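The values are calculated or read from the model by the stated rules, or taken from the named source; none is laboratory data. Everything quoted here is computed from the prediction, not taken from an experiment. Note: ideal-geometry Cβ built from the backbone for every residue, glycine included; neighbour counts use all protein chains shown. Just so you know, the surface numbers come from the protein's heavy atoms only, side chains and all, with ligands and any DNA or RNA stripped out. Shrake-Rupley method; radii C 1.70, N 1.55, O 1.52, S 1.80 Å.
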Amino acid sequence: MARNTFIVYTVSLVALLIFFISVAIWGSSQPGFKWKVAKPNGPFWQIAMFLFMYSGIVSDVAFIRTAVVLANLFITAWVIFGVASWPNIWFSVLAEIHYDQLIWCFLCVFVNALPMFRQFKFDDSKKKFEVGKKYVEMAESVWREWWRRSGIPRTDFKTIVEAGEWMELSAGEVLEMKETPSSDSDSEGDNLEDGTNGDLDDIFYYVVRGKIHCQPAPGSGRKDFTLSSGYFCDAFALMTLLGQTTVCMAMQMGPNRATVLPGDGDDKTAVVIKWSQKTMVDKIIRTHGFAPLCLKTVVSSATLDSLYKEAVQEDHLEIFDLVEKKRKELAQAPLDKKAAMPQRSFWQQFKMSHISLHDLWEPSPHQRVVNAISTGSRELTFRKEIQVARENLSSMRAAVSESSHV
């Protein structure tokens, strides 16, 4: 793909250059024509060209748009004020209103200035979580913990948490882990929404409060375990959906049986966030931004803690529980809502947005990442990663099936 793009780009530039040379040859062959060396254009034109050039040496889109807006304003002023030569800024003989220049200037400024001003005005800290008045404080607490696990902005967390269904469950209730997939999936989503186990879609939960006892399906080779607040059920299926294949998921013979346990203290109920597989794909994985990648990090890190608990010897579980309690206390501690916002001053951001001379010949990985995100290529790569993970899971399950028949 990169090689084809390079070839198309090069051929297009060469063809355009040949066209301009052809026009120059044709025009100079006209009767009575003779080339002359003109005086340098006026200051407004020089400033406009400098700004167009400057837009190529900054990597921040906001500053690129700023340079383009200013350049269009100066070039428009130069045209309307009579295309003056150096050092003048006004030439009365040719000064006149050019409607086409004004129209194009307006369009160029509009498509660049509007998103530029919105970007400067954007404030991640003002995002509120519309999850119902009863659960707002819980959502804020979950965001603080997730931010400390993955650095997720409030905007992306809002996408995830509002896509889920908040549920308060009593002790003894059994969580539904599978559901019949809906028939309105489009062709693009069919590959992503295929169930990880059979024809049924998975259902995922995040434990906000309380405890959930999980009993793996017979034949999975796993022992029962209990999830407390801060963990996901079924984490392995969710990790697979997010593109991370696990041996555990390959050996899982069916869905877990998840039952709510009686709570400690005054809170006898459990609170969970529920996402269907279709919701996870349509409203989270397919979105632009950091939501799916941050969610993947949160699930992986939370699952790592959960697995480590199972590896701790019984006489050390008390210590683990004390450390885990302290971790949750620190993770849910007060946090500035501007945590995900840039902490540098506007001037520092401007200085850091400049590329180096080396980048002119060999663009840095940072620029390639920015381009991939802005053009949606990163989302396509992530979806490809999910497809590869599903294919790997199928191969691993085949190996499990062969081993069980030996």
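When the Karplus curve 6.51 cos²θ - 1.76 cosθ + 1.60 is applied with θ = phi - 60°, which whole-Hz ³J(HN,Hα) does each residue of segment 161-175 get, with x for Gly and Pro?
So the Karplus estimates, Gly and Pro as x, are 6, 7, 6, x, 10, 7, 9, 10, 10, 8, 4, x, 5, 9, 7 Hz.
Efficiency by 1/(1 + (r/R0)^6): what FRET value for residue 320 and residue 111, r their Cβ-Cβ distance, R0 = 45 Å, to the nearest 0.05? Display every interim value, and only then the final one.
On the way: r = 56 Å, r/R0 = 1.24.
The calculated FRET efficiency here is 0.20.
If one computes the Cα centroid of segment 140-161 and of segment 61-79, what distance in Å separates the two points?
What the calculation gives is 37 Å, centre to centre.
Using Cα centres only, tell me the gap between segment 102-135 and segment 281-313 in whole Å.
Going from one Cα centre to the other spans 29 Å.
Over segment 1-142, with the other protein chains present, what is the accessible area per residue in square angstrom, probe 1.4 angstrom? Show your work: numbers first, answer last.
Working: 10340 Å² over 142 residues.
On a per-residue basis, segment 1-142 sits at 73 Å².
Determine, for each peptide in 233-245, 5-17, 162-174, the mean count of other beta carbons within 10 angstrom over its residues, then list the peptides with the highest first. Can you show the working numbers first?
On the way: 233-245: 23.7, 5-17: 9.8, 162-174: 15.0.
The most tightly packed comes first, giving 233-245, 162-174, 5-17.
Quick check: residue separation of residue 362 and residue 17 times 0.36 nm, minus the Cα distance between them. What number comes out in nm? Present the calculation step by step, with values, prior to reporting the outcome.
Details: separation 345, 0.36 × 345 = 124.20 nm, distance 2.38 nm.
Contour length minus the Cα-Cα distance gives 121.8 nm.
Apply the Karplus curve 6.51 cos²θ - 1.76 cosθ + 1.60, θ = phi - 60°, to the phi angles in segment 292-303 and return the couplings in whole Hz, x for Gly and Pro.
Those phi angles translate into x, 5, 5, 4, 4, 5, 5, 4, 5, 5, 5, 5 Hz.
Calculate, in nm to one decimal, what residue 398 and residue 223 gain on full extension: separation in residues at 0.36 nm each, minus their alpha carbon distance.
On the way: separation 175, 0.36 × 175 = 63.00 nm, distance 2.24 nm.
Difference between extended and current length: 60.8 nm.
Subtracting the Cα-Cα distance from 0.36 nm times the residue separation, let me have the gained length for residue 330 to residue 170 in nm, one decimal.
Full-extension gain reported as 54.8 nm.
List, in order, the whole-Hz ³J(HN,Hα) value for each residue of segment 201-217 obtained from phi through the Karplus relation with A = 6.51, B = -1.76, C = 1.60 and θ = phi - 60°; use x for Gly and Pro.
Calculated HN-Hα couplings, in order: 7, 7, 10, 10, 9, 10, 7, 8, 8, x, 9, 10, 8, 10, 10, x, 5 Hz.
Shape call for segment 263-346 from the C-alpha gyration tensor, a ≥ b ≥ c root eigenvalues: rounded (a/c under 1.5), prolate (a/b greater than b/c) or oblate? Present the calculation step by step, with values, prior to reporting the outcome.
Working: a/c = 1.85, a/b = 1.41, b/c = 1.31.
Here segment 263-346 falls in the prolate category.
Residues with amide H under 5 Å of residue 59's amide H, sequence separation 5 or more or different chain, H placed in the peptide plane at 1.01 Å from N; which?
354, 355
Segment 248-350: which trypsin sites (Lys or Arg not before Pro) are DSSP loop and have at most 13 other beta-carbon atoms within 10 angstrom?
Those satisfying the criteria are 268, 338, 344.
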